[in-house]
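The next block holds one structure in the form of structure tokens; read it before the comments.
The values are calculated or read from the model by the stated rules, or taken from the named source; none is laboratory data. Note that the structure is predicted; figures quoted are calculated from it, not measured. Accessible surface is based on the protein model in full, side chains and every heavy atom, while ligands, DNA and RNA are left aside. Shrake-Rupley method; radii C 1.70, N 1.55, O 1.52, S 1.80 Å.
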Amino acid sequence: SGGLEKGSLALFVGPTGSGKSMSLAHVGSDAVSNGLNVAYATLELSEEHVHARIISNLTDLCWEDIVGDDRTMKKARDRLQVLEENGLLGFCTVKYFTPHATGVAEIRDWIREEEETFSKNIDLVCVDYAALLSAQNKRAKHEELTAIAEGLRALAADKKCWVWSAAQVKASAHDSKNKKITSDQTAGSMGLSRTADLVITLNPRDEGETLMFRIDKNRHGRGGEDIGPLPHEFEKGRVAPIIREGWPF
């Protein structure tokens, strides 16, 4: 329906190992490949691993090799330089935050500092992931998660940017092999999915070799649709096939 509007909060929902973090890295990488500026706040993976996944997605090299092999890292840097020289990349910044001790306000402060330091306006914020943030003065977990979701949506609206995050499903939600995950199975609280403008559930298929993406909620367009199943390349930070016109690799 023309894409997700700026000022929106989008959410990936899926079971453990379904590719939630990979999906966030994929979204961030695709934004960078379109010349957009990305801020990726990680509360789970290290900065090194997030950087490696994004670089992997952009350079068509395995992210584990980028982390562990100096020769692959050099090849990745050479490829990034080619992309930069051809004006094919936006800006990307990544920072690790302490889980359960970081709130949306700290994310806001960091984004403002990065924008001032690098003279860039951030177009997309990825938060990996929402349930690892904290909210002040909220005792019950469901109240805390609702407040976090509202804070992330306010961040998107105030900065006129996109905010993407992810949420876990309840353990019982994926007992059946081909059962479709829905937003009402979000672990801990419905507040996350109810507040989000777009909710995409991740449904592994074919023994985990492919992913079915379900548009479970779309405030500004069609919902209730399935896309896929599509093959993925998790080893290259990709959750779906990529076609980038004019790219050298």
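Rounded to the nearest 500, what is the chain's calculated 222 nm mean residue ellipticity when only DSSP H runs of at least 4 contribute -39500 (n - 2.57) each, over all residues? Only helices count here, giving -11000 deg cm²/dmol.
Distances between placed amide hydrogens fall under 5 Å for Thr210 paired with Arg205, all partners being 5 or more residues away or on another chain. Extension gain, His100-Asp60: 0.36 nm per intervening residue step, less the Cα-Cα distance, totals 11.0 nm. Legend: distances between Cα atoms for Lys120/Lys160; Lys74/Lys236; Lys6/Lys236; Lys120/Lys159; Lys20/Lys74; pairs beyond 20 Å are Lys6/Lys236; Lys20/Lys74.
Using 0.36 nm times the number of residues separating Arg112 and Thr16, minus their current alpha carbon distance, what extension gain do you get? Present the calculation step by step, with values, prior to reporting the outcome.
Details: separation 96, 0.36 × 96 = 34.56 nm, distance 3.22 nm.
Fully extending the segment from Arg112 to Thr16 adds 31.3 nm.
Label the chain by shape, choosing from rounded, prolate and oblate, from the square roots a ≥ b ≥ c of the eigenvalues of the Cα gyration tensor; if a/c is under 1.5 it is rounded, and otherwise prolate applies when a/b is larger than b/c, oblate when it is not. It comes out oblate by the Cα gyration axes. Apolar share of the accessible surface for the chain: 46 percent from carbon plus sulfur atoms, 1.4 Å probe.
Can you give me the accessible area per residue for segment 9-137, using a 1.4 Å probe, in Å²?
Working: 5680 Å² over 129 residues.
With all protein chains present, segment 9-137 gives 44 Å² per residue.
The distance linking segment 116-137 with segment 71-98 is 20 Å (Cα centroid to Cα centroid, whole angstrom).
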